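The values are calculated or read from the model by the stated rules, or taken from the named source; none is laboratory data. Quantities reported herein were computed from a predicted structural model and do not represent experimental measurements. FYI the Cβ positions are ideal-geometry reconstructions off the backbone, even for glycines, and counts take in every protein chain you see. We work out accessible area using only protein heavy atoms, side chains counted, and drop any ligands, DNA or RNA first. Shrake-Rupley method; radii C 1.70, N 1.55, O 1.52, S 1.80 Å.
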Amino acid sequence: MLNITDTHLHLWDLSKLNLPWVNEVEVLNRSFLLSDYALANQGQSVNKAVYMEVNVDALQRSLEADTVLALCEQSDNPLVGVVMAADMTQSEQALEQTLTPYLNNHYLKGVRDVLHTPQTPSGYCLQESFINRVRQLGKHGLNFGICIRPAELADAVSLVKACPDTLFVLDHCGNADPTI
């Protein structure tokens, strides 16, 4: 049987975390727990999973990371890695302060900052300060999850070229419209 690693697992417990965006999507406006994931995967060959941050309220990013990294320590689940949220608009020093408590945790694999929100200006990922912070991730051996609008995929390519020492993961197939 083929062993599968789910590289993009979202979980959330709305009794602990605030995800403002789920209010707009009725089918997602409930908790999705590890037990739900296990039930959905019964009979499948998924034996490992990497947790992907879920765009929680900015004040809860550390709580989200702490909670999921603690889950990884438990032997009764498939979690083998975490991609945590980080505000890439903060200064390099502030980003370093955000990352420092987690850098020695071998479950931390990368960072993502959702760039397809209405408040993120087009082309933001090409600003020199943003590029420098993505390079900073590479220096720590962390990948950067690109979660961007489809119209800005060329910007993502430019970002990748500007950061040769950082590994990138293109989330949601670049949010492309599958009907095109």
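Just to be sure I follow the rule: in the chain, considering lysines 8 or more places apart or on different chains, how many pairs have Cα atoms under 25 Å apart?
Lysine pairs satisfying the spacing and distance rule in the chain number 6.
Any idea what the relative contact order of the chain is, in percent, if you count C-alpha pairs under 8 Å spaced at least 6 apart?
Reported relative contact order: 16 percent.
How much FRET efficiency would the formula 1/(1 + (r/R0)^6) give for ALA162 and THR7, where r is the Cβ-Cβ distance and R0 is 30 Å, rounded to 0.05?
With R0 = 30 Å, the Cβ-Cβ based efficiency is 0.80.
With θ set to phi - 60°, apply the Karplus curve 6.51 cos²θ - 1.76 cosθ + 1.60 along segment 38-47 and write out the HN-Hα couplings as whole Hz, x wherever there is a Gly or Pro.
Listing the rounded values in order: 4, 4, 5, 9, 4, x, 9, 9, 7, 10 Hz.
Calculate how steeply helix 128-139 sits against the longest principal axis of the alpha-carbon atoms of the chain, using the helix alpha-carbon long axis, and give the answer as 0 to 90 degrees to the nearest 10.
Relative to the chain, helix 128-139 is tipped by roughly 50 degrees.
Can you list residues from other chains, or at least 5 along the same chain, whose modelled amide H is less than 5 Å from the amide H of HIS8?
Here the answer is VAL50, since their amide H atoms fall under 5 Å of that of HIS8.
With both bridge residues required to lie in the chain, what share of the DSSP beta bridges run antiparallel, to the nearest 5%?
So the antiparallel bridges in the chain amount to around 5 percent.
Can you tell me the orientation of helix 153-162 relative to the chain, as the angle in degrees between its alpha-carbon axis and the longest Cα principal axis, to the nearest 10?
The answer is roughly 70 degrees.
Per residue, how much accessible surface does the chain expose to a 1.4 Å probe? Answer in Å², no decimals.
Using a 1.4 Å probe on heavy atoms only, each residue of the chain averages 55 Å².
Using a 1.4 Å probe on the protein chains only, how many percent of the accessible area of segment 35-180 belongs to carbon and sulfur?
Answer for segment 35-180: carbon and sulfur cover 54 percent of the accessible area.
What net charge do the residues around PHE130 carry, taking every other residue with its C-beta under 13 Å from that of PHE130, with Lys and Arg at +1 and Asp and Glu at -1?
-4
Not counting the cut sites, what is the longest span of the chain without trypsin sites (Lys or Arg not before Pro) that DSSP labels loop and that have at most 12 other Cβ atoms within 10 Å?
Result for the longest clean stretch: 31-180.
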